[in-house]
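A.B. asks: Structure provided below as structure tokens; questions to follow.
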């Protein structure tokens with residue numbers, strides 16, 4: 001299943017940005033969870049404050065793998081593929097990882113479902129307004145805690161999802177077993193853009209989707225997100241892997257060429273900085289893939305996750 005047009009071009013570029021969340025949840029505490037320890041689960045989890053987040057899990061075993069989508073993307077991007085030979089069409093990353101350990105995905109509020117036509121998710125309680133990265137990491141922690149999913153976790157972050165998993169790991173080192181960055185956003189991208197940063201930041205917030213003007217559409221404090229990661233404690237010393245695209249980003253029609261040129265020049269440096277975050281971190285180039293490496297190279301993505309899971313399991 002290919003990424004749907006209109007949303008595909010916009011989200012592919014937008015997914016390299018940062019996100020956030022409301023500073024705190026208020027109201028009632030979460031209700032007891034009914035998420036099983038193994039097997040298939042798909043349903044809403046009460047995270048408190050009158051909010052619920054949609055979660056899906058498959059497989060069994062440990063460490064549990066959590067797949068974090070990019071900016072504006074629901075969990076759908078982990079569940080389908082768009083490949084060409086010799087890359088196999090199946091399995092997608094979500095069921096593929098479930099073949100060797102427990103794996104879960106979730107819908108952040110305001111993200112795009114790849115239905116026909118595309119739509120904002122209704123499976124998680126909407127949150128209006130600009131979000132902070134700290135609150136998004138808090139959402140992830142509340143979800144994992146409310147669902148009683150045992151850690152520590154291997155966190156797999158695509159695009160801006162890598163910023164969410166990175167801050168989570170910095171704030172919860174005891175709950176983090178490993179990290180996989182899938183063509184992920186990095187903190188140094190702002191400096192690499194220089195004078196063009198403001199224009200790029202605006203494009204990330206309003207990428208030209210049919211949902212840009214909707215109050216519930218996922219919108220982020222991108223500068224605050226970079227600052228939050230920069231100010232947080234260093235990452236824990238855990239196994240890591242980095243996967244990076246080789247083909248240009250898709251972009252909405254009319255995107256200035258100099259903006260895209262700046263992005264393409266900066267991106268390899270962003271990826272190398274991610275590699276340097278850990279010790280002996282393998283760097284996989286998804287040759288022929290654009291930004292959606294998990295969609296175009298699911299077998300490579302699954303293999304990278306398996307490698308990190310194996311290194312975690314081998315630790316004394």
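Here, each number is a calculation from the coordinates, and none is a lab measurement. Remember, it's a predicted structure, so these values are computed and weren't measured experimentally. Don't worry about glycine lacking a Cβ; one is built from the backbone with ideal geometry, like all the others, and counts go over all protein chains shown.
A.B. asks: Using the number of other C-beta atoms within 10 angstrom as an exposure proxy, rank 291, 233, 158 with the fewest first. Intermediate results must be reported in sequence, preceding the final value.
C.D. replies: Values: 291 26, 233 9, 158 31.
Listed from fewest to most nearby Cβ atoms, that is 233, 291, 158.
A.B. asks: Measure off 7 Å from each Cα along the Cα-to-Cβ vector at residue 257 and residue 233, then give the distance between these two points in nanometres to one decimal.
C.D. replies: The answer from the label model is 4.9 nm.
A.B. asks: A further question on this structure: Exposure proxy check: 124, 42 ranked by fewest other beta carbons within 10 Å? Write out the running numbers ahead of the final one.
C.D. replies: Details: 124 25, 42 11.
Listed from fewest to most nearby Cβ atoms, that is 42, 124.
A.B. asks: So what's Rg/Rh here for the range 101-184, counting alpha carbon atoms and using the Kirkwood radius for Rh?
C.D. replies: Radius of gyration relative to Kirkwood radius: 0.97.
A.B. asks: Count the DSSP beta bridges whose two residues both fall in the chain, then state the antiparallel fraction as a percent rounded to the nearest 5. Mind dumping the intermediate values first?
C.D. replies: Numbers: 13 of 38 bridges.
If I count the DSSP bridges inside the chain, around 35 percent turn out antiparallel.
A.B. asks: R0 = 35 Å: FRET efficiency of residue 128 with residue 148, Cβ-based, nearest 0.05? Before the final figure, lay out each step's value.
C.D. replies: On the way: r = 29 Å, r/R0 = 0.83.
The pair residue 128/residue 148 has a calculated efficiency of 0.75.
A.B. asks: Name the residue, out of 150, 117, 86, whose mean-square fluctuation peaks in a Gaussian network model built on the chain with Cα pairs under 10 Å.
C.D. replies: Comparing 150, 117, 86 in a Gaussian network model of the chain, the most mobile one is 86.
A.B. asks: Can you give me the relative contact order of the chain as a percent, contacts being Cα pairs under 8 Å and 6 or more apart?
C.D. replies: Relative CO of the chain lands at 24 percent.
A.B. asks: For 267, 197, what's the fewest-to-most ordering of other Cβ within 10 Å of each Cβ? Don't skip to the answer; put the middle values down first.
C.D. replies: Working: 267 21, 197 16.
Lowest count first: 197, 267.
A.B. asks: Please identify, among 266, 199, 92, the residue showing maximal mean-square fluctuation in a Gaussian network model of the chain using a 10 angstrom Cα cutoff.
C.D. replies: Its mean-square fluctuation being the largest, the pick is 199.
A.B. asks: So which residue, out of 68, 202, 218, gets the largest mean-square fluctuation from a GNM of the chain using Cα contacts under 10 Å as springs?
C.D. replies: Judging by the Gaussian network model, the answer is 202.
A.B. asks: Summing -39500 (n - 2.57) over the DSSP H runs of n ≥ 4 in the chain and dividing by its residue number, what mean residue ellipticity at 222 nm do you reach, to the nearest 500 deg cm²/dmol?
C.D. replies: Result for the chain: -9500 deg cm²/dmol, rounded to the nearest 500.
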